[in-house]
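Worksheet: one structure, shown below.
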Amino acid sequence: MFQKGAEVERLAVSDTYKYWKKWGPYLADRQWGTVREDYSEHGTSWEFIDHEKARSNAYRWGEEGIAGFCDSREIMCLAPAFWNGKDAILKERLFGLTNNQGNHGEDVKELYFHQVSSPTHSYCKFLYKYTQNEFPYGDLVHGNQRGRHEPEYELLDTGCFKDNAYFDCFIEYAKADVNDILMKITVVNRGKKKAKIHVLPHLWFRNFWKHNKRHTRPNMKSTSKTSVMSRSTRNGRYYLYHEKGKQLFCENETNNKRIYNIPNDTKYVKDGINDRVVSKKKQTVNPELNGSKFAVWHKMKLKPGEEKTIKVRLTKTKLQDPWAGFDTVFQQRMKECEEFYNETINKDTPEVHRAIAKDAFAGLLWTKQFYYNDVFKWLFGGPGEAKPNRYNMRNYNWQHLTNRHIISMPDKWEYPWYAAWDLAFHMASFVEVDPYFAKEQLLLVLKENYMHPNGQIPAYEWNFSDVNPPVHSWAVWHVYDKDKEYRGKGDTKFLETAFQKLLLNFTWWVNQKDKSGTDLFEGGFLGLDNIGVFDRNHMPSGITRMQQSDATSWMAMFALNMLRMSLELSKTNKIYEEAAAKFFRHFLNIAWAMHHIGKKDISLWDDEDNFYYDVVEMSSGATNRLRVRSLVGVIPMFAVEIMHKNLFEELKEFRIRANEIIRTRPDLASLISNLDNTNEEGNYLFSIMRAFRLEHLLIRLLDENEFLSDYGIRSLSKYHEKHPFVFQHHGHHQIQYEPGESRSNMFGGNSNWRGPIWMPLNYMIIQSLRKYYKFYGPTYQYEFPTGSGKKLNLKQIANELTKRLIKLFEANSDGKFQYHSDDPNHMFTKEEHFKNLHLFYEFFDGDTGKGLGASHQTGWTALIANLIMEMDEA
């Protein structure tokens with residue numbers, strides 16, 4: 001795929017954070033309630049700074065806003081605020097429930113949609129829907145005080161959007177140049193009556209001066225009734241131009257009086273603009289028209305269907321006429337953005353599927369965020385600062401970790417922090433639109449100020465030491481391979497750099513998670529949270545260890561990825577043939593170990609059920625299979641790779657070493673696919689699953705009474721709906737099929753792997769089936785669905801699974817997208833300004849396809865775009 005066009009040229013510029021990616025939608029949707037901003041004694045992150053305090057508290061580590069733009073160091077931030085004249089506060093930030101308030105954990109309670117973004121953010125568009133009635137803050141908190149078995153109480157359930165009494169607020173950005181940012185805010189009255197709205201574009205500095213004495217407080221000052229100049233030691237001068245409106249200034253400093261009942265450090269504090277507009281307190285803004293936080297106050301009254309647009313321009317250059325060419329720039333950037341996606345997404349793709357993919361990429365690109373976290377300073381204070389009073393020294397062993405970068409987030413409201421295995425899946429989608437960013441991000445978390453000196457990749461800020469599935473190597477190879485396919489040559493510098501760091505990570509896994517040195521791995525919850533019959537991080541007493549089918553299979557995949565990378569690198573540097581032989585042996589050892597556990601040589605594969613299970617070893621010496629049919633037993637499918645014989649013929653040393661291993665330990669090689677034979681195309685199959693096991697696993701996987709749903713593969717077999725698995729040992733432990741939100745309080749009640757459909761694991765299944773097809777070809781056929789009598793080859797099965805997943809995003813017989821839940825006024829079914837708007841949920845109900853969890857998790861749910869594109873290529 002050789003692309004051309006203005007956006008492709010911008011992407012190709014090196015050191016892009018100095019150029020076209022310098023500014024972007026890097027502002028968090030939520031900074032309050034994060035670990036970074038938690039300075040409480042006992043680590044009560046959700047309560048220390050909550051939504052109510054957020055408007056008055058100057059943050060230490062970042063900023064937040066609605067559809068906000070900032071530079072790559074978040075020195076200066078640009079975002080709108082709104083007020084309907086009825087709320088008690090300005091709408092400066094998105095509202096949602098804390099983990100303790102929601103009946104299914106934290107949950108944003110707003111309606112907003114990422115509509116489009118080019119990869120360099122040269123053009124972006126965002127839609128926020130704002131009620132004309134009073135925003136129901138209290139009602140949403142009270143209404144969600146319900147049981148885990150009940151659905152969540154959502155914004156549309158409150159009735160505040162009845163009779164379409166709301167505004168559509170479109171926020172658009174276009175770049176005239178690297179430091180020339182054009183902003184449009186278009187407000188449309190969708191209601192049946194005239195309605196007033198206040199619109200306040202904001203510009204402010206992140207408070208970097210309070211904790212860094214090298215810098216003085218920056219300043220913005222009015223230079224005319226329609227212009228402001230900012231000055232800072234961090235970024236020099238900028239000029240902001242606006243149309244009419246009233247200028248308001250205050251400081252981005254904490255209102256200590258309001259929050260802590262102690263005197264303020266400065267007269268005009270962070271919530272001064274809020275208090276001036278909402279409470280009409282003129283004394284809360286600076287009459288001298290200067291400060292580190294600025295807004296221009298527009299008041300408008302709109303007739304039904306009427307729309308008005310506000311223009312803003314932020315630039316390094318002093319302009320005589322800031323509106324000259326303003327509309328032309330927008331039109332040109334929109335055209336270039338459209339051209340980019342026309343080139344990226346196959347023109348033969350149905351228009352409805354193109355729209356899904358484009359929206360998925362929009363969400364993915366909007367969910368970048370400036371992430372700043374210095375664990376040492378967080379624990380002990382910065383230079384000249386007092387040590388924080390902390391009883392809970394969270395992440396104490398990660399004092400080397402200093403992060404200050406633009407990073408892809410899972411969801412900038414629900415999860416405004418990076419997560420290692422999420423990020424790996426994000427990059428599988430990013431490589432389709434911005435391979436440069438994909439490679440940069442994968443290398444970023446392997447750097448010395450991220451990766452632990454012992455080789456562990458940081459998990460997420462709540463506990464960097466948690467263990468996520470080792471999918472980073474898979475992502476590195478996937479991105480390298482895709483990038484090579486598109487560019488015509490491989491980026492071996494990227495691959496070699498990643499490989500060297502992944503060696504450390506592989507060693508960490510071997511040293512830390514293979515306690516007995518037998519190539520059988522543990523890892524605890526491994527990202528699948530409550531998928532086990534008990535918390536795999538805290539097993540009942542009397543269990544000495546658990547041999548995890550998923551952990552061991554992930555490691556087999558890790559070894560296979562490292563083998564594939566080392567073979568690729570061996571083409572230009574024969575030294576890597578040594579590494580290839582090492583990982584070939586690791587792969588064989590893991591495959592052998594999966595079937596020789598303990599003194600009785602128990603296997604993770606159960607010949608009676610034809611399925612993989614975890615095995616626990618008891619202090620008595622007894623072993624026990626945990627017969628839970630879950631994705632844990634499907635993950636062995638992922639350890640598969642196809643390699644052509646030509647690759648081995650080029651690498652004589654590796655071929656000699658590999659043959660020696662097979663000759664001296666034929667028992668090892670016999671457990672994986674036949675390495676003596678290639679298929680007709682000359683391909684070898686490397687897999688821990690031979691044809692017999694694959695065939696029998698697929699019988700369960702493709703059974704609609706077990707894993708196969710109308711909308712993809714479930715995380716737990718539906719068999720357990722009527723046949724719960726019970727484990728009696730130091731208490732009663734039970735797991736039962738739950739298609740939607742889990743009723744278990746395990747992992748804080750925000751864990752849902754007992755039935756729902758998860759996009760990343762479905763993507764891995766489909767990718768694996770395509771690889772198996774590449775080896776077995778069209779003659780190997782299996783029933784789909786099981787028991788139907790209809791036989792398909794593995795490629796056709798992969799396409800059928802893809803179609804079921806796509807069906808989640810297609811309109812059903814009611815006229816709404818399948819994942820939408822219904823609301824009292826059927827907005828997503830009947831309302832024309834709702835029905836074509838996509839959300840990308842964290843996971844989906846295993847029976848109905850209803851979207852659940854985080855509603856803007858385009859991080860890994862953006863993989864639906866990959867599936868659409870790969871099905872068209874298949």
> For the stretch 46-67, what are the residues that are open to solvent by less than 20 Å² (accessible area, probe 1.4 Å) and free of Cβ contacts under 8 Å to residues at least 24 places away in the same chain?
Replying inline: Ile49
> Among the residues of the stretch 140-163 satisfying the criterion of being within 25 Å of Leu200 (Cβ to Cβ) and part of a helix (DSSP H, G or I), which is nearest to the chain's Cα centre (by Cα)?
Replying inline: Leu155
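For the structure I just gave you, tell me whether Ser541 is assigned to a loop (DSSP other than H, G, I, E, B), of a type in the set (Ser, Thr, Tyr) and either touching a helix residue (DSSP H, G or I) at 6+ places or on another chain (Cβ under 9 Å) or touching a residue at least 40 places away in the same chain (Cβ under 8 Å) (or both).
Details: assigned to a loop (DSSP other than H, G, I, E, B): yes; of a type in the set (Ser, Thr, Tyr): yes; either touching a helix residue (DSSP H, G or I) at 6+ places or on another chain (Cβ under 9 Å) or touching a residue at least 40 places away in the same chain (Cβ under 8 Å) (or both): yes.
Yes; evaluated as a whole, the condition is true for this residue.
Restricting attention to the stretch 21-56, which residues are basic (Lys, Arg) and farther than 26 Å from Met393 by Cα?
Filtering the stretch 21-56 down to residues basic (Lys, Arg) leaves 21-22, 30, 36, 53, 55.
Lys21, Lys22, Arg55 - these are the residues of the stretch 21-56 that are basic (Lys, Arg) and farther than 26 Å from Met393 by Cα.
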> Under 7 Å by Cβ, and 6 or more places apart or on different chains, what pairs join a residue from the stretch 555-583 that is more than 18 Å from Ile656 (Cα to Cα) and surrounded by fewer than 20 Cβ atoms within 10 Å (Cβ to Cβ) with one that is modelled with pLDDT of 95 or more and of a type in the set (Val, Ile, Thr)?
Replying inline: Thr572/Thr492
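Residue by residue through the stretch 442-459, note down the ones that are out of contact with any helix residue (DSSP H, G or I) (no Cβ under 7 Å at 6 or more places or on another chain) and assigned to a loop (DSSP other than H, G, I, E, B). Outline the logic, then answer.
Here is the first cut: in the stretch 442-459, the residues out of contact with any helix residue (DSSP H, G or I) (no Cβ under 7 Å at 6 or more places or on another chain) are 444, 447-449, 453.
Of everything in the stretch 442-459, those that are out of contact with any helix residue (DSSP H, G or I) (no Cβ under 7 Å at 6 or more places or on another chain) and assigned to a loop (DSSP other than H, G, I, E, B) turn out to be Lys447, Glu448, Asn449, Pro453.
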> Does any residue of the stretch 221-237 turn out to be among the hydrophobic types (A, V, I, L, M, F, W, C) and either at positive phi or surrounded by fewer than 19 Cβ atoms within 10 Å (Cβ to Cβ) (or both)?
Replying inline: yes
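Quickly run through the stretch 39-53 and pick out the residues that are assigned to a loop (DSSP other than H, G, I, E, B) and over 16 Å from Leu379 (Cα atoms).
Taking the stretch 39-53 first, the residues assigned to a loop (DSSP other than H, G, I, E, B) are 39-44, 49-50.
Once the filter is applied, which keeps residues that are assigned to a loop (DSSP other than H, G, I, E, B) and over 16 Å from Leu379 (Cα atoms), the stretch 39-53 yields Ile49, Asp50.
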> Name the residues in the stretch 104-152 that are at pLDDT below 95, open to solvent by 20 Å² or more (accessible area, probe 1.4 Å) and either touching a Lys or Arg at 6+ places or on another chain (Cβ under 7 Å) or within 30 Å of Thr16 (Cα to Cα) (or both), would you?
Replying inline: Arg148, His149
> How many of the residues in the stretch 502-524 are surrounded by 21 or more Cβ atoms within 10 Å (Cβ to Cβ) and either on the phi > 0 side of the Ramachandran plot or at pLDDT below 70 (or both)?
Replying inline: 2
>> Name the single residue that is nearest to Asp71 (Cα to Cα) among those in the stretch 201-238 being free of Cβ contacts under 8 Å to residues at least 12 places away in the same chain and in a strand (DSSP E or B).
In response: Met229
>> I'm trying to understand the selection: among the residues of the stretch 239-281, which are open to solvent by 20 Å² or more (accessible area, probe 1.4 Å), free of Cβ contacts under 8 Å to residues at least 40 places away in the same chain and closer than 25 Å to Met300 by Cβ?
In response: Asp275, Arg276, Ser279, Lys280, Lys281
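Pick out the one residue from Phe809, Phe775 that is buried (at least 18 other Cβ atoms within 10 Å of the Cβ) and modelled with pLDDT under 95.
Values: Phe809 fails: modelled with pLDDT under 95.
Of Phe809, Phe775, the one residue that is buried (at least 18 other Cβ atoms within 10 Å of the Cβ) and modelled with pLDDT under 95 is Phe775.
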> Is it fair to say Trp20 is of a type in the set (Phe, Trp, Tyr) and either open to solvent by 50 Å² or more (accessible area, probe 1.4 Å) or in contact with a strand residue (DSSP E or B) (Cβ under 9 Å, 6 or more places away or on another chain) (or both)?
Replying inline: yes
> Among (1) surrounded by fewer than 23 Cβ atoms within 10 Å (Cβ to Cβ); (2) in contact with a strand residue (DSSP E or B) (Cβ under 9 Å, 6 or more places away or on another chain), where does Asp822 come up short?
Replying inline: (2)
> Which residues, taken from the stretch 540-554, are within 25 Å of Gly731 (Cα to Cα) and either among the aliphatic types (A, V, I, L, M) or surrounded by fewer than 24 Cβ atoms within 10 Å (Cβ to Cβ) (or both)?
Replying inline: Pro540, Ser541, Gly542, Ile543, Thr544, Arg545, Met546
>> Suppose we filter Lys347, Lys412 for residues that are among the basic types (Lys, Arg) and free of Cβ contacts under 8 Å to residues at least 60 places away in the same chain; which single one remains?
In response: Lys347
> Given (1) outside any loop (DSSP other than H, G, I, E, B); (2) surrounded by fewer than 20 Cβ atoms within 10 Å (Cβ to Cβ); (3) free of Cβ contacts under 8 Å to residues at least 60 places away in the same chain, where does Lys439 come up short, assuming only one miss?
Replying inline: (2)
>> Any residue at all in the stretch 733-742 that's touching a residue at least 24 places away in the same chain (Cβ under 8 Å) and more than 30 Å from the chain's Cα centre (by Cα)?
In response: yes
> Is it true that Glu74 is touching a strand residue (DSSP E or B) at 6+ places or on another chain (Cβ under 7 Å) and not in a strand (DSSP E or B)?
Replying inline: yes
>> Restricting to the stretch 599-651, count the residues that are farther than 22 Å from Leu685 by Cβ and either part of a strand (DSSP E or B) or not acidic (Asp, Glu) (or both).
In response: 24
> Pairs, please: C-beta under 6 Å, at least 6 apart or cross-chain, first residue under 11 Å from Asn179 (Cα atoms) and of a type in the set (A, V, I, L, M, F, W, C) and in the stretch 1-24, second assigned to a loop (DSSP other than H, G, I, E, B) and open to solvent by less than 60 Å² (accessible area, probe 1.4 Å)?
Replying inline: Trp20/Thr120
> Pick from Phe840, Phe817: which is surrounded by 20 or more Cβ atoms within 10 Å (Cβ to Cβ) and without any contact (Cβ under 8 Å) to a residue 40 or more places away in the chain?
Replying inline: Phe817
> Of all residues in the stretch 686-705, which are modelled with pLDDT of 90 or more and outside any helix (DSSP H, G or I)?
Replying inline: Phe686, Ser687, Leu702, Asp703, Glu704, Asn705
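Is it the case that Lys210 is open to solvent by 10 Å² or more (accessible area, probe 1.4 Å) and more than 23 Å from Leu27 (Cβ to Cβ)? Quick ask: steps written out before the conclusion?
Numbers: open to solvent by 10 Å² or more (accessible area, probe 1.4 Å): yes; more than 23 Å from Leu27 (Cβ to Cβ): no.
Judged against the criteria, Lys210 is not a match.
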> Across the stretch 381-407, what is the number of residues that are surrounded by 15 or more Cβ atoms within 10 Å (Cβ to Cβ), of a type in the set (Lys, Arg) and assigned to a loop (DSSP other than H, G, I, E, B)?
Replying inline: 2
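Out of the stretch 408-436, which residues are aromatic (Phe, Trp, Tyr), part of a loop (DSSP other than H, G, I, E, B) and open to solvent by less than 10 Å² (accessible area, probe 1.4 Å)?
Taking the stretch 408-436 and keeping what is aromatic (Phe, Trp, Tyr), we get 413, 415, 417-418, 421, 425, 430, 436.
Subset that is part of a loop (DSSP other than H, G, I, E, B): 413, 417-418.
Trp413, Tyr418, listed by residue number.
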>> One residue is enough: does the stretch 694-701 have a residue meeting the conditions out of contact with any Leu (no Cβ under 9 Å at 6 or more places or on another chain) and among the β-branched types (Val, Ile, Thr)?
In response: yes
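The values are calculated or read from the model by the stated rules, or taken from the named source; none is laboratory data. Here the structure is a predicted model, which means the values were calculated and not measured. No Cβ is skipped: glycine too gets one built from the backbone with ideal geometry, and neighbour counts run over all protein chains shown. Heavy atoms of the whole protein, side chains included, go into the accessibility calculation; ligands, DNA and RNA do not. Shrake-Rupley method; radii C 1.70, N 1.55, O 1.52, S 1.80 Å.
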